[in-house]
Amino acid sequence: MTDHNTAVWLARIIPLLLITALLPACGPPPPPSLQQATLLPTAKTIADFNLINDKGEPFHLDNLKGRWTFAFFGYTHCPDVCPTSLAMLARVMKRLAQRNDLDRLPRGLFVSVDPERDTPAKLARYVAYFDPAFSAVTGDPEQLKLLTRQLGILFLKSPGDSSQDYLIDHSAAIVLFDPQGKFHALFNVPHEADKIASDFVLIKNYYEENG
Amino acid sequence: MKYFFAALLLSLCISPAIAEQGLTVKQAWIREAPPGAAMMAAYLTIDNTSARDQALLSVSSPRFAHITLHRSLNVDGVARMRSLERIALPAHSSVTLEPGGYHLMMSMPDKRLASGERVPLVLHLADHSEIRVTAQVRKKP
Ligand SMILES: [Cu+2]
């Protein structure tokens, strides 16, 4: 290779190297690496729904806005998985409350997929047992489905030991809504409170820095 | 003699229940029910140190109208509960009933059970023998 050819080759390769080195700085930084959360590539806008909260008041998409929300879907007749998950979510809130860099704690929301048996008054007492700040919603099955379908959350009645004791198969995942009320991330089982809490802080910081 | 009986009573209260047939039941507890919850779950560990396969067929308690053997399963992210006819207790092995897995589904307690209360349970086995244990009501394991 002559000196002239080397110079031409360098003249071509150097700008390319520079562009490659500078490229990441142009777009948003890569999302944080997370331990338990599955981040949606783009937060998903949710169509409005018409539910009822644990005070018996209407609960719409707008009520999710202005604050981060952890939502868990279950029913109070579930003695094993649901109390385990809600106690775990209460531990997440405790971890977050111990930090001093969060101006506001996320909302902990229990969505009952058993409106037949779970009245608003019953739900209020049930969720407060795990964390006095938790709230609950429920509603007509079709309105519940309108919401859960958009989140990939499933629920289905299954016969129990008697007609009164029916069971409900339900997704065990925890959904994270951002302050715009968009479906932002999903936490699949098995849940670990420490990992969920630290993932949440990473997600929130990234969201605030990059929109 | 008085002290001997006191000590014996005390040891009966705190030691795991051991049946003659080589089965030991330990760490029996019932999850305290949140207000309004009609169902409770109980958990325990059964060691089968014998050379004989066994099975748990049912559980009864004077404090509950109805107890069924249950299992929680996670199928592609969906939590399901199913009742079971029996829980196999293979020879030389240990079976644990724990949150998210095998459990005793307890319905209709005679009155609300508070943390710390001790509830007698009778485990009915496939060979018609029984094991009596005491489960404590607790918020967590
Ligand atoms: Cu069960």
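Here are some notes:
- Scan the stretch B:33-50 for residues that are more than 13 Å from residue B:113 (Cβ to Cβ) and either within 16 Å of the ligand (Cβ to nearest atom) or over 9 Å from the mean Cα position of the chain (by Cα) (or both) and the total you get is 7.
- The set of residues from the stretch B:76-94 being touching an Asp or Glu at 6+ places or on another chain (Cβ under 8 Å), in a strand (DSSP E or B) and of a type outside the set (S, T, N, Q) comprises B:78, B:79, B:80, B:81, B:88, B:89.
- The residue list B:58, B:93 contains one member that is within 15 Å of the ligand (Cβ to nearest atom) and open to solvent by 20 Å² or more (accessible area, probe 1.4 Å), which is B:58.
- Test for residue A:132: is it closer than 27 Å to residue A:201 by Cα and part of a loop (DSSP other than H, G, I, E, B): yes
- A residue that is open to solvent by 40 Å² or more (accessible area, probe 1.4 Å), among the small types (Gly, Ala, Ser), more than 14 Å from every other protein chain (Cβ to nearest Cβ) and out of contact with any Lys or Arg (no Cβ under 9 Å at 6 or more places or on another chain) cannot be found anywhere in the stretch A:175-196.
- Here residue A:121 passes the criteria (1) away from chain B (no Cβ under 14 Å); (2) modelled with pLDDT of 95 or more; (3) part of a helix (DSSP H, G or I); (4) open to solvent by 60 Å² or more (accessible area, probe 1.4 Å) except the one numbered (1).
- Meets criteria (of a type in the set (Val, Ile, Thr), assigned to a strand (DSSP E or B) and either without any contact (Cβ under 8 Å) to a residue 60 or more places away in the chain or within 15 Å of the ligand (Cβ to nearest atom) (or both)) for residue B:134: no
- Scanning the stretch A:69-112 for residues that are within 16 Å of the ligand (Cβ to nearest atom), in a loop (DSSP other than H, G, I, E, B) and of a type in the set (A, V, I, L, M, F, W, C) returns a single hit, A:78.
- Qualifying positions in the stretch A:125-138 - small (Gly, Ala, Ser) and crowded, with 19+ Cβ neighbours inside 10 Å: A:135, A:136
- Top-ranked residue of the stretch B:71-86 - restricted to ones that are more than 13 Å from the ligand (Cβ to nearest atom) and out of contact with any His (no Cβ under 8 Å at 6 or more places or on another chain), ranked as farthest from the other protein chains (Cβ to nearest Cβ): B:86
- Yes/no for residue B:92 being away from chain A (no Cβ under 14 Å) and either free of Cβ contacts under 8 Å to residues at least 40 places away in the same chain or more than 13 Å from the chain's Cα centre (by Cα) (or both): yes
- Only one of A:60, A:77 that is over 30 Å from residue B:108 (Cβ atoms) and either over 18 Å from the mean Cα position of the chain (by Cα) or of a type outside the set (A, V, I, L, M, F, W, C) (or both): A:60
- With respect to (1) in contact with a strand residue (DSSP E or B) (Cβ under 8 Å, 6 or more places away or on another chain); (2) under 22 Å from residue A:50 (Cβ atoms), the lone exception for residue A:179 is condition (1).
- Number of the exception - residue A:49 against (1) in a loop (DSSP other than H, G, I, E, B); (2) more than 16 Å from the ligand (Cβ to nearest atom); (3) open to solvent by 10 Å² or more (accessible area, probe 1.4 Å): (3)
- Qualifying position, being more than 11 Å from chain B (Cβ to nearest Cβ) and open to solvent by 10 Å² or more (accessible area, probe 1.4 Å), among A:141, A:159: A:141
The values are calculated or read from the model by the stated rules, or taken from the named source; none is laboratory data. Given the structure is predicted, the values throughout are model-derived calculations rather than measurements. No Cβ is skipped: glycine too gets one built from the backbone with ideal geometry, and neighbour counts run over all protein chains shown. Heads up: the accessible areas ignore ligands, DNA and RNA and are worked out on the full protein's heavy atoms, side chains in. Shrake-Rupley method; radii C 1.70, N 1.55, O 1.52, S 1.80 Å.
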